[in-house]
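Comments concern the structure below.
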Amino acid sequence: MKTILQKISALILSVLLVCTMLPIRADASYEIPGSCQAQTDTNIAGTVKTMDYSYDHNTYFSLRDIAMLLKDTDKSFSLHITKNAVALNTGAPYTPLGVENAPWEDSANPDITLRRNDFSLNEQKVYYYTLILALPSGDYDCFMMAADLAMILDVSITVPDAGRILLDTQTPFSISPAALEESGYFYGVNGVLVGDATTGEIYYQYQADTSYPIASTSKLMTCLLTLEAISAKQLALEEQLTVSDAVAALSASGDGVISLETGQQLTVQELLVGALLPSSNECALCLAEAIAGSEEAFVRMMNQKASELGLSQAVFFNCNGLPSYTEDAIPSKRQNRMSAEDMFRLVSYLLKVYPQITDITSQKTATLPSLDLEVRNTNPLLHNLPEATGLKTGTTNKSGACLVTSLTADDGTMTHDLVVIVFGTEDSIERGRVSALLAEYAMQTFHTGTNKTQDVEGSTVSANLPTHAEAAVDWILRTARKQE
């Protein structure tokens, strides 16, 4: 009995020690307060408080401190910050609180968390990850990544040496992916590609010829085959499709996105919206079954279409991008795979032959009348970049966070579709930030005509990309053959 009591006492003591120690460790690794010296091109200088989130040099900067430094420049901005919301208006005067450009009052770690707080920019809702901190005065400060703020203000923010930043209000924000690659910025991703889908010209690529899991960006192929079925009059947008037992079971599983029950009916249009905006796995399956009779038959169509388009490294196991298990005694876990180059070919074809897809993917929200349900687009760039028109997010543990972004750009003669493909970032925060930076680079390169690299053919492609499906397929195939 004594031995049992001793063991119980030891267990209770261990639990108490763990409970006591865990918060200390967690706090120490979350937010690391610091400061840097900032100077503007107008020779205004001051201290800017910083917050390293989780890791050294993963730095967020005080918006109030920077607003104070820029308040008498043409890049001034006003701030209204509450416990979980930020309103920033560019070109407006900043009203000081009297706490700006001062060092931290103590060394204790602040009790804040990184999150997507409500953020409005010039009274329009945008999506940025920020840190909000309560000040001793009862007011609040907000901390933001320098790159995000530089994009918002269209200024150059550089770090000439440790502990110092320069704010150049006369130099527009610009991005050099080559410099980012040299600094190791893309070590945290699987592959990226930036290009003009209208001409086939590639502006920048990193590990773009290597196949990686692509998660729900797979649904772009599912939607392509759906649009082909509609074009062939096999389906109609307003046709009602019935939810099968398999679709209902997927909906009820941990991978379900929209609640569906056997026998319910939704239109093809609603299923496309469901698959593309909230990334509904069950909506994709419902479309696959309607087109091919079963998911297995539909997957054969997906792989056949990939072959037709010259997607040499693409392989599909299902219609939605979820992990797929074999039926073996020791099951293999497989995931749809593709290279960024393959995805660029797929998206180029899709946007050229079925441009109406962006009528769906450009929507921030949509309603599914059959379910009386509002769904939201998972693509954050639609809120931050007016040129963004889509296309698709995707995330699994193996694939990481992926995003295929489309943007419109006008050269004065015609409208171009620019595409940014980002595979395998650590999380949705980095996915959005990497994609936003490369989207800015895409627009910058398109309009200036500088820093372009060769496309997959090794030379400049004519802007006269074929507009009909058969001709577009031929162009894609020729491109793939030349690369091989």
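Sort segment 329-407 into rounded, prolate or oblate with this rule: let a ≥ b ≥ c be the square roots of the eigenvalues of the Cα gyration tensor; rounded if a/c is under 1.5, and if a/c is not under 1.5, prolate when a/b is larger than b/c, oblate otherwise. It comes out oblate by the Cα gyration axes. For Glu31, Glu181, Glu105, Glu261, the ranking by accessible surface with the largest value first comes to Glu105, Glu261, Glu181, Glu31, using a 1.4 Å probe.
Rg/Rh for segment 188-228 (Cα atoms only, Rh after Kirkwood) is 1.04. Applying the criteria of a DSSP loop state and at most 10 other Cβ atoms within 10 Å to the GluC sites (Glu not before Pro) of segment 279-366 yields Glu327. If the segment from Ser78 to Gln124 were pulled out straight at 0.36 nm per residue, it would be longer than the present Cα-Cα gap by 15.1 nm.
Phi angles across segment 93-105 convert, under the Karplus curve 6.51 cos²θ - 1.76 cosθ + 1.60 with θ = phi - 60°, into 3J(HN,Hα) values of x, 8, 9, x, 9, x, 10, 6, 6, 10, x, 4, 6 Hz, Gly and Pro given as x. With all protein chains in place and ligands, DNA and RNA left out, the 1.4 Å accessible area ranks Arg164, Arg433 as Arg164, Arg433, largest first. Of the DSSP H helices in the chain, those with a Cα length along their own long axis of 15 Å or more and a mean Kyte-Doolittle hydropathy reaching -0.5 comprise 2-30, 219-231, 281-292, 340-353, 428-448, 469-483. The distance between label points at Ala249 and Arg300 comes to 2.1 nm (points 7 Å beyond Cα on the Cα→Cβ vector). The residues of the chain expose, per residue, 45 Å² of accessible area to a 1.4 Å probe.
Looking at segment 383-451, which GluC sites (Glu not before Pro) are in a loop (DSSP not H, G, I, E or B) and have at most 14 other Cβ atoms within 10 Å? Present the calculation step by step, with values, prior to reporting the outcome.
Details: sites: Glu387, Glu426, Glu430, Glu440; in loops: Glu387, Glu426.
Taking segment 383-451 and a limit of 14 other Cβ atoms within 10 Å, the loop GluC sites (Glu not before Pro) found are Glu426.
With 28 Å as the limit, the listed pairs Lys233/Lys333; Lys352/Lys392; Lys305/Lys392; Lys75/Lys392 have Lys233/Lys333; Lys75/Lys392 beyond it between alpha carbons.
Short-range pairs are left out: with C-alpha atoms under 8 Å and at least six residues apart, the relative contact order of the chain is 14 percent.
Give the shape of segment 180-260 as rounded, prolate or oblate, defined through the alpha-carbon gyration tensor: a ≥ b ≥ c are the square roots of its eigenvalues, a/c under 1.5 means rounded, and otherwise the shape is prolate if a/b is larger than b/c and oblate if not. Could you put the intermediate results ahead of the total?
Numbers: a/c = 4.17, a/b = 1.69, b/c = 2.47.
Judged from the Cα gyration tensor, segment 180-260 comes out oblate (a/c at least 1.5, b/c at or above a/b).
Within segment 259-297, find all residues whose amide N lies under 13 Å from a label point positioned 7 Å from the Cα of Thr242 along Cα-to-beta-carbon. In segment 259-297, the label zone of Thr242 (backbone N under 13 Å from the point 7 Å along Cα→Cβ) covers 262-266, 290.
Here is the list for segment 76-163: trypsin sites (Lys or Arg not before Pro) lying in DSSP coil, each with at most 11 other C-beta atoms within 10 angstrom of its C-beta, are Lys83. Here each label is just a point 7 Å from Cα along the line to Cβ, and for Asn397 and His447 those points are 4.4 nm apart. The distance between label points at Asp328 and Thr413 comes to 5.5 nm (points 7 Å beyond Cα on the Cα→Cβ vector). Here's how it looks for Tyr60: its modeled amide H is under 5 Å from those of Met51, Asp52, Tyr53, which are all 5 or more places away or on a different chain. Here is the size of segment 61-192 from its Cα atoms: Rg then Dmax, 15.7, 46 Å. Which stretch or stretches of segment 164-202 have amide N atoms under 14 Å from the point lying 7 Å from Asp52's Cα along the Cα→Cβ direction? Under 14 Å, as judged by backbone N against the label point of Asp52, lie 164 of segment 164-202. The accessible-area ordering, largest first, of the residues Lys352, Lys305, Lys364 stands as Lys364, Lys352, Lys305, per a 1.4 angstrom probe. Each residue was assigned an accessible area with a 1.4 Å probe, and for Tyr206 the value is about 30 Å².
Computed over the chain, the alpha-carbon pair-distance distribution with 10 angstrom bins reads 4, 18, 25, 22, 17, 10, 3, 1, 0, each value a whole percent.
Measuring only protein heavy atoms, the 1.4 Å probe finds Leu79 accessible over about 30 Å². Within the accessible area of the chain, the carbon and sulfur atoms contribute 51%, probe 1.4 Å, all protein chains present.
The values are calculated or read from the model by the stated rules, or taken from the named source; none is laboratory data. All values derive from a computational prediction rather than experimental measurement. Glycine gets a Cβ as well: all are built from the backbone with ideal geometry, and neighbour counts include every protein chain shown. Each accessible area value is taken on the protein alone, full model and side chains, heavy atoms only, with ligands, DNA and RNA left out. Shrake-Rupley method; radii C 1.70, N 1.55, O 1.52, S 1.80 Å.
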